[in-house]
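Comments concern the structure below.
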Amino acid sequence: MNFYFAAAEVLDRLDSKKGSIKGLISTVAEKDRKRTSALVIQTLKYKPVLTDIIDQANLMKEERKKLTSLNLALVLVHDVLFCNGIQAGDGPIKQAVLRHKTRLHGELQKIKIKRGVKFDEDLAQNTDERAALIPRYVRINTLLWDIDEAVQHFVSKGFTLKNILQISPTSKQDFAKDEHIPSLLLFHPDISFQEDDAYKSGKVILQDKASCFPAVVLDPPVSPNGAVIDATSAPGNKTSHLSALMCNAGTLFALERDRKRFSTLKTMLSKAKCKNVEPVNADFLTVDPMDNKYSQVTHILLDPSCSGSGIVNRLDYLVESEQKAELAHEERLHKLASFQLMMIKHAMKFPAVQRIVYSTCSVHAVEDEHVVRAALKSDEALSGHFKLAPQSQVLPQWKRRGYSSEMDDPSHAASLVRCLPGEDATNGFFVSCFVRDISEQELGAHQDSKRKIDELGEDADIPTAQIMKRRKKNKQKKKRG
Ligand SMILES: C[S@@+](CC[C@H](N)C(=O)[O-])C[C@H]1O[C@@H](n2cnc3c(N)ncnc32)[C@H](O)[C@@H]1O
């Protein structure tokens, strides 16, 4: 019966908005986690129907001594009606529900007749229909095999490779190569790979297409001296993608501040055989950019916590009631945005950094364009000479760009990438890329920084100081030459 108590407790905590489904399920004992998460999700899908049935059958009134909460009744009645019964030894709680078994089944039939449906599944709440338009994306872990070997593997499993851009909703056997991401395959949304050997051995990673964009845009170095930071790594999809793009060469520092998520990250990286990754359980904001360890870092990926408003293939929306306080929502977005901005500004302080990718799975301009435009105006961007990478370096073929009306300079929107759920066959996503521009012309425009260097010498901000030193050396060379 403990398993039902655990599932009911997750539902109780969801009701009182104490976390997301994913977050709350991660607190359940590992041995029961899979089972509990399946029961919670199924119960949520049928919640309105189950609540009606329990009401009509008067279950809570007649068994109020045994059934202490509606959520406990929901999970038990779910298993009586839609599974093979309650999976627990005999006892007073089980008996309290089973006494009403005939009545419960009767109420279920009445609802089906009333709604004119034949199958139980037709009573499930519609999951977000935009999710049904998202193919099952499978990223090939090129550290372990190549795309041709992967294609052969799936063909041997009975799939047919088609030269198409989208998977037909009627054909579950077709698969295709993605047009934008080289190591990505598309399958029908209903295909599950959880039991596939290639998934279990880390040879494929189940990752939404949009979530593959940041690593590709960052374009990390492939060199034994390459040094890259993934500042917000767990669970590690983008880290393993970066590691693959770096061909396991150089060093990829994978930072993650949350201890539990850090442990998930390490498991993921070892499964994917990422050998060039140094996982670090630390808060990126507390890392000293001048620390020798990171002095050679040229590329930083920032995929910080966000509202997640772009994710459509998860069930959290089932528990988001309409009365969700708009104000609290706005406040939360602004809090997230100021944290996100801090992360970008911190990344800009690393002395050798040349390229910073900032991404979110949010569709809110507050967390996307607004954060980018604030970052561009920040002291860190001005003194470090950061600007947006041009469209030609940021998935040039991708049609949907940033919202120009949300940028100070509308032309900057072309540098940004957006994905819209329901329209782009992906979750909602946003990608931007800052690059350090050290041209002489730009330097000339920063007279103030020059003055600061003259006045402060060694203590002036390092990137500008380095540039100025380089400039001085070049001038001296020219004079000598
Ligand atoms: C959106 S998730 C990252 C997903 C990851 N990039 C992936 O593709 O698998 C954000 C992660 O950043 C972590 N995080 C948030 N703030 C952080 C900080 N200041 N330093 C390090 N990690 C942080 C969170 O704990 C969370 O695991």
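Coordinate-derived values only; no laboratory data. This structure is a prediction, so every number in the text was calculated from the model and none was measured. FYI the Cβ positions are ideal-geometry reconstructions off the backbone, even for glycines, and counts take in every protein chain you see.
Distances between placed amide hydrogens fall under 5 Å for Val297 paired with Ala352, all partners being 5 or more residues away or on another chain. Over all other residues within a Cβ to Cβ distance under 12 Å of Leu50, the charged ones net out to -3, with Lys and Arg as +1 and Asp and Glu as -1. The alpha carbon centroids of the stretch 3-34 and the stretch 162-195 are separated by 32 Å. Beta bridges from DSSP with both residues in the chain: antiparallel share about 55 percent, rounded to the nearest 5.
In the stretch 129-206, Rg over Rh equals 0.93, where Rg is the alpha-carbon radius of gyration and Rh the Kirkwood radius from pairwise Cα distances.
Starting from the Cα gyration tensor of the stretch 1-128, take the square roots of the eigenvalues, sort them a ≥ b ≥ c, and report rounded, prolate or oblate (rounded when a/c is under 1.5, otherwise prolate if a/b is larger than b/c, else oblate). Please report the intermediate quantities before stating the final value.
Values: a/c = 1.75, a/b = 1.23, b/c = 1.43.
It comes out oblate by the Cα gyration axes.
Panel values: the chain, Kirkwood radius from alpha carbon pairs, Stokes-Einstein at 20 °C and 1.002 mPa s, translational diffusion coefficient 85 µm²/s. What the phi angles of the stretch 334-340 give under the Karplus curve with 6.51, -1.76 and 1.60, with θ = phi - 60°, is a coupling list of 5, 5, 4, 4, 6, 5, 4 Hz, glycine and proline written as x. Across the stretch 274-288, rounded Karplus estimates of 3J(HN,Hα) from the backbone phi angles (6.51 cos²θ - 1.76 cosθ + 1.60, θ = phi - 60°) give 8, 8, 9, 9, 10, x, 10, 7, 8, 7, 4, 5, 9, 7, 7 Hz, Gly and Pro being marked x. Fully extending the segment from Ser263 to Ser378, taken as 0.36 nm per residue of separation minus the present Cα-Cα distance, adds 38.0 nm.
Once the piece of chain linking Gln296 and Asp122 is laid out straight, how much longer is it, given 0.36 nm per residue of separation minus the C-alpha distance between them? It would help to have the intermediate numbers written out before the result.
On the way: separation 174, 0.36 × 174 = 62.64 nm, distance 5.73 nm.
Going from the current span to full extension adds 56.9 nm.
For the pair Asp148/Ser305, report the inter-label distance in nm, with labels modelled 7 Å from Cα in the Cβ direction. Output for this residue pair reads 4.6 nm. Using a 7 Å offset from Cα along Cα-Cβ at Lys387, what residues in the stretch 395-434 end up with backbone N under 20 Å from the label point? 395-396, 402-417, 432-434, by backbone N distance to the label point.
Using only Cα atoms, locate the centre of the stretch 60-131 and the centre of the stretch 356-402, then give the distance between them in Å, rounded to an integer. After rounding, the separation between the Cα centres reads 49 Å.
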